[in-house]
Structure formats: structure tokens, C-alpha cells
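Notes for the one structure printed next.
The values are calculated or read from the model by the stated rules, or taken from the named source; none is laboratory data. Bear in mind that the values here come from a model prediction, so they are computed numbers and not experimental data. Neighbour counts run over all protein chains shown; Cβ positions are idealised from the backbone, glycine included.
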Amino acid sequence: MKGKDLLFGAGLVLLLAVGLCRLYGTERPRFRAVSVNALEIPSETVGQGQTVTREASWDPPDDVYVIGWAPRAGAPEAEPELMLRAGDVRLFEGRGVLAGPVFFPSGSGYRLRKGERLTLRLALTNSGPPAESRGARALIYFVPVAGS
């Protein structure tokens, strides 16, 4: 045998070993694609001393697990309250400056059924002169129930 034959044989054995490991090894859990939907409440003029409450909603096309949100209030200095609800259930809420996305603990979420409404609620009181509310936005992170 020559050196080339030994090298070729070693490569063939290595390739066979990798194939067997892939075939009989433990299967890694499959990742599910995370979908994102945006809810937006438009800006409006809010008079001095006026309190406004506005909502935007979304009806999922199928059953989904809501796993997180990324809220953003347009006028954080007004200490707005943002809340994400499914019916009477409060999923997330925050006040004033809201930091980045927030998720349920790993492996959990809220099951939102088809036809059930998810609502983003903005409430703020203007204690200064008339000004724009600059609205609110929230990205909703979810995965489909089918295939879970």
C-alpha cells in the first residue's frame, strides 16, 4: 500500500463515520419561525389636562402563541401607559420609557385563538400645553400553534 491509498482509506472511513453519526445521533429540536405583526396608534393633538385612551387591535388568522412584544411610546415624557391585552387578560404592560423587546420565559407563551382579538392600549394625560401624542407602536412576536 502506498501513502495515497492510506490517505484515501482514512478519508473514506471518516466520511462513513460522519454519516453514521448524523443518521443515528440525537435529533436536534427544530426551530420554529417567529412571525412579527405591528400594531400602531396614530399621533393626535392632546389638549392641556386632557386624558386620551386609544386602542389598536389584531385578529390572528390562525391559533398562535404570543411570545413577546417590543413597545414604543411616542411621547415618553408624558408617562404614557401601554398595555397588550387578549380580552381581559393583560399580557404585557409598561409606563413611560419602555426598554426593548420583552418575552415570556423560554418555552412559554399565551395561546391566542383564531377570532380572539389582541389589543394594544395607549393611555396618557397631558399635564402641559396642547401637544402631539406621537402615537404608539408595538411589534408582536408570535409562532403558529400548528406544528407545535
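Looking for something modelled with pLDDT under 90, farther than 16 Å from ASN37 by Cβ and of a type in the set (D, E, K, R) - is there at least one such residue anywhere in the stretch 84-91? For the stretch 84-91, residues modelled with pLDDT under 90, farther than 16 Å from ASN37 by Cβ and of a type in the set (D, E, K, R): absent. Selection of the stretch 83-121 for residues being among the charged types (D, E, K, R) and touching a residue at least 12 places away in the same chain (Cβ under 8 Å) yields ARG85, GLU93, ARG95, ARG111, ARG113, LYS114, GLU116, ARG117, ARG121. In the stretch 100-118 there is no residue matching the filter, namely being out of contact with any helix residue (DSSP H, G or I) (no Cβ under 7 Å at 6 or more places or on another chain) and under 16 Å from THR53 (Cβ atoms). Selection over the stretch 101-110 of residues that are assigned to a loop (DSSP other than H, G, I, E, B) and closer than 21 Å to PRO80 by Cα gives a count of 1. Checked against the criterion of being touching a residue at least 60 places away in the same chain (Cβ under 8 Å), in contact with a strand residue (DSSP E or B) (Cβ under 9 Å, 6 or more places away or on another chain) and within 18 Å of ASN37 (Cα to Cα), the candidates ARG72, ARG134 yield just one match: ARG72.
Can you spot a residue in the stretch 33-41 that is buried (at least 18 other Cβ atoms within 10 Å of the Cβ) and either among the acidic types (Asp, Glu) or not in a helix (DSSP H, G or I) (or both)? Yes, because at least one residue in the stretch 33-41 is buried (at least 18 other Cβ atoms within 10 Å of the Cβ) and either among the acidic types (Asp, Glu) or not in a helix (DSSP H, G or I) (or both). Within the stretch 1-48, the set of residues being touching a helix residue (DSSP H, G or I) at 6+ places or on another chain (Cβ under 9 Å) and modelled with pLDDT under 75 comprises MET1 only. Considering GLU77, GLU44, GLU40, the condition of being closer than 27 Å to ASN126 by Cβ and without any contact (Cβ under 8 Å) to a residue 24 or more places away in the chain is satisfied by GLU77 alone. Being surrounded by fewer than 17 Cβ atoms within 10 Å (Cβ to Cβ), among the charged types (D, E, K, R), outside any strand (DSSP E or B) and in contact with a strand residue (DSSP E or B) (Cβ under 7 Å, 6 or more places away or on another chain) holds for only one residue in GLU116, GLU55, and it is GLU116.
Scanning the stretch 118-127 for residues that are at pLDDT 90 or above, among the polar types (S, T, N, Q) and more than 15 Å from PHE142 (Cβ to Cβ) gives no hits. Just one of the listed residues (GLU81, GLU77) is within 23 Å of GLY49 (Cα to Cα), more than 18 Å from the chain's Cα centre (by Cα), at pLDDT 90 or above and of a type outside the set (A, V, I, L, M, F, W, C), and it is GLU81. Here LEU98 passes the criteria (1) in a strand (DSSP E or B); (2) surrounded by 15 or more Cβ atoms within 10 Å (Cβ to Cβ) except the one numbered (1). State whether the residues of the stretch 110-117 include one that is of a type in the set (A, V, I, L, M), within 12 Å of the chain's Cα centre (by Cα), over 15 Å from GLY135 (Cα atoms) and at pLDDT 90 or above. Checking the stretch 110-117: not a single residue is of a type in the set (A, V, I, L, M), within 12 Å of the chain's Cα centre (by Cα), over 15 Å from GLY135 (Cα atoms) and at pLDDT 90 or above.
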